[in-house]
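Notes for the one structure printed next.
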Amino acid sequence: MSVFGKGVARICAVVATPSAHEFRKLVRQAARETPTVELRLDWLANDRERHKALDWLKRAAPRGANYIATCRRRAGGGELPGGVSEELFWLMKAREAGCTWCDLEMETLRELPGKSVAGYALPPKVMLSIHDFRRTPKLPARMKVRERDGVDAVKVAAMSQRLSDSLRLLRAAGGTRRVVAVPMGEIGLPARILSLREGSALVYAPVAAATAPGQVPLGDLKELYRAHALTGKTRVYGVIGNPIEHSMSPLLHNAGYVAAKKDAVYLPFLVENLGEFVELVAELGIAGFSVTIPHKQKILRYLDECEPLAEKIGAVNTVTVMRGGKLAGSNTDYVGVLKALENKMQLKGSRVVIFGAGGAARAAAFALAKAGVEVLVCARREEAARELARAVHGGVIPRRALRREQFDALLNATPVGMHPHAERSPLEAAELNCALVLDLIYRPLQTKLLRMASGRGIPAASGVEMFVAQGIAQWELWMGCRAPGAAMRAAVLKKLRLEEKSPG
């Protein structure tokens, strides 16, 4: 068992705010979610706010919580101006206020007499922390905690420049239950979620403001990813792409696992080096993964087998890890496109422009062609447009023709306008000469392209229906049973509508 307890106690809620008033609110909120709470005293605006916060903590803080006081100096990556004496002063005050743990960075320990905390009235348990905000340093195969220095746990937080960095960090922390492994950055995010499963004593999650790159909000870590409940038997799935922060696939799939009571988790992997990811699939215990931009076509070379339709399309969005670690590819975007359009227009005999020629465009083109649609491809890369048009027995249309010809529908299959660049549009209003506009982008729910279409009185459809349909098809392929589609769709729409109300 971890030195911090078991279950949800191993999720540490981080309270970081400049205001003592807000500090009180966040501590109460944190204590309702987990009994382990880190108090970032260095984030408080000044000494007056620190005094007010600790005075309240002593008098009125929720009881039964395990409070970890942290007052990191700027030299150690924190916010506290001043030196070691100021840091120690506030940590000693934190003990008086009831904190049972404190976090002391390695730089501070090295400046103490004898490089020991002995003789200081710090909180009774000390966690020694080591931070590297640039890279993951060389690490021993297994890290050990030396009690003779008065240290009860060690935390190593390091930036992951590649996926293998975060795995090295988890391996070094595993086994003792007294080492906290914190892979930082977006690349390290999946390993951060899996860290408790791999033996880390704690995982950190902010209640409000993030205090380190790649942190997962407390609510998501606990409810969406269920980090404290993951075990070696939990099936791991995910989505690979670059960028990946926009993806709502983790919400879609995890909502399904929760609703269907499946012991599985779905993680977002920022993958810059596709070959490295494929090599690490077995070590990560991944049972399947979704593929998005820019890997839908590149993944083909790493597959051991591929369904005929996906091979014909030339793009894969779904990979299943088979017995012996073999990778099998398929394409569910095809299903998603048909689901998105079949209730909005008569497909057979219609004339549809697909804007783009990448993986999503290819799936859309094959789906529509099979449904009897005359497919016209318009893309910046002329050769890619011609190749796709030939493959579906369609035609190529130059962009200038969009202003003067009429079409039954126009489908955007490019990422232009996707969150966080929602102010952009792949097309101009004068180019929307059609009876329906479909944007395969689903985040935001109303892209600039769709708003322009609505402004011209043209029916406009978000890509959310395609996204949900293709994700449900993936879920059912991997789980081998019917998906709780209504719960999955509701979770995605709720999130998207909340974002529309609070775009900031």
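Read-outs throughout are calculated quantities, based only on the coordinates presented, and are distinct from any laboratory measurement. Because the structure is a prediction, the values reported are computed rather than measured. So basically every Cβ, Gly included, is an ideal-geometry build from the backbone, and we count neighbours across all protein chains shown.
All alpha carbon pair distances within region 118-178 were sorted into 5 Å bins beginning at 0; the resulting P(r) in whole percents reads 4, 17, 25, 22, 14, 10, 6, 2, 0. Pairwise alpha-carbon distances in the chain exceed 39 Å for 34% of all pairs. Can you give the translational diffusion coefficient of region 455-504 in µm²/s, computed by Stokes-Einstein from the Kirkwood radius over Cα pairs at 20 °C and 1.002 mPa s? After rounding, the answer is 170 µm²/s. The distance between label points at A430 and R390 comes to 3.4 nm (points 7 Å beyond Cα on the Cα→Cβ vector). Considering only V258, L274, V216, and ranking their Cα positions along the charge dipole of region 210-310 that arises from unit charges at the beta-carbon of Lys, Arg, Asp and Glu, the one farthest toward the positive end is V258. Here the gap between R134 and A490, fully extended at 0.36 nm per residue and compared with their Cα-Cα distance, gives a gain of 124.2 nm.
Take the eigenvalues of the Cα gyration tensor for region 413-484, scale each by 5, and report the square roots as semi-axes in whole Å, largest first. Spell out each step's value before the answer.
Details: eigenvalues 162, 34, 15 Å².
Computed over region 413-484, the values are 28, 13, 9 Å.
The loop-placed trypsin sites (Lys or Arg not before Pro) in region 413-504, going by DSSP, that have at most 11 neighbouring Cβ atoms within 10 Å of their Cβ come out as R482.
How much length is gained if the chain between R63 and E283 is pulled fully straight, taking 0.36 nm per residue apart and subtracting their Cα-Cα distance, in nm to one decimal?
Working: separation 220, 0.36 × 220 = 79.20 nm, distance 4.09 nm.
The span from R63 to E283 would gain 75.1 nm if fully extended.
Take the alpha carbon atoms of region 84-142, find their center, do the same for region 284-342, and report the distance between the two centers in whole angstrom. So the two Cα centres are separated by 48 Å.
For region 216-244, list residues with backbone N below 19 Å from a point placed 7 Å from the Cα of C481 toward its Cβ? Flagged as within label range: 230-231, 233-237. Computing FRET efficiency as 1/(1 + (r/R0)^6) for R404 and K370, where r is the C-beta to C-beta distance and R0 is 35 Å, gives about 0.75. Taking Cβ atoms as reference points and 13 Å as the exclusive limit, the residues near M488 contribute a net charge of +3, counting Lys and Arg as +1 and Asp and Glu as -1.
Summed over qualifying helices (DSSP H, 4 residues or more, each -39500 (n - 2.57)) and divided by its residue number, the chain shows a 222 nm mean residue ellipticity of -10000 deg cm²/dmol.
Reported value for region 31-140: 129 Å³ per residue, from the convex hull of its C-alpha atoms.
When the Cα gyration tensor is reduced to axis lengths a ≥ b ≥ c, the ratio a/c is 1.5 or higher for region 314-395, and with a/b not above b/c it is classed as oblate.
A crude spin-label estimate for the pair S502 and Y120, with each label 7 Å from Cα along the Cβ direction, gives 3.8 nm.
With bins 10 Å wide beginning at 0, the percent of Cα pairs of region 364-409 falling in each bin runs 29, 54, 17. Shape of region 334-462 from the C-alpha gyration tensor: rounded (a/c under 1.5, with a ≥ b ≥ c the square roots of its eigenvalues). The shape of region 199-338 can be summarised by an equivalent ellipsoid whose semi-axes, obtained from the alpha carbon gyration tensor, come to 27, 16, 15 Å from longest to shortest. Taking the Cβ of R497 as the center, what net charge do the other residues with Cβ under 14 Å away carry, scoring Lys and Arg +1 and Asp and Glu -1? My count for the surroundings of R497 gives +3. As a rough guide to protection, the peptides 132-138, 466-472 ranked by mean Cβ packing within 10 Å, highest first, stand as 466-472, 132-138.
For region 1-114, what is the charge dipole size about the Cα centre, in debye to the nearest 20, if Lys and Arg each add +1 at the Cβ and Asp and Glu each add -1 at the Cβ? Each step should come with its number before you reach the end.
Working: 19 positive and 15 negative charges, 112 e Å.
Dipole magnitude for region 1-114 comes out near 540 debye.
Two numbers describe the Cα atoms of region 175-237: Rg and Dmax, which are 11.2, 33 Å. Of the residues V27, V337, the one with the fewest other Cβ atoms within 10 Å heads the list, and the complete ranking is V27, V337.
For each pair in K370/K495; K296/K339; K52/K222; K58/K125, compute the distance between the two Cα atoms and list the pairs where it is over 27 Å. Listed pairs above 27 Å: K370/K495; K52/K222. Among D152, D263, the ranking by other beta carbons within 10 Å of each residue's beta carbon, starting with the fewest, stands as D263, D152. How many angstrom separate the Cα center of region 364-399 from the Cα center of region 451-487? Computed from Cα coordinates, the inter-centre distance equals 22 Å. Working from the Cα coordinates of region 134-225, the gyration tensor eigenvalues give, after taking √(5λ), semi-axes of 21, 15, 12 Å in decreasing order. Rounded to the nearest 20 debye, the dipole size of the chain about its Cα centre is 760 debye, using +1 on the Cβ of Lys and Arg and -1 on the Cβ of Asp and Glu.
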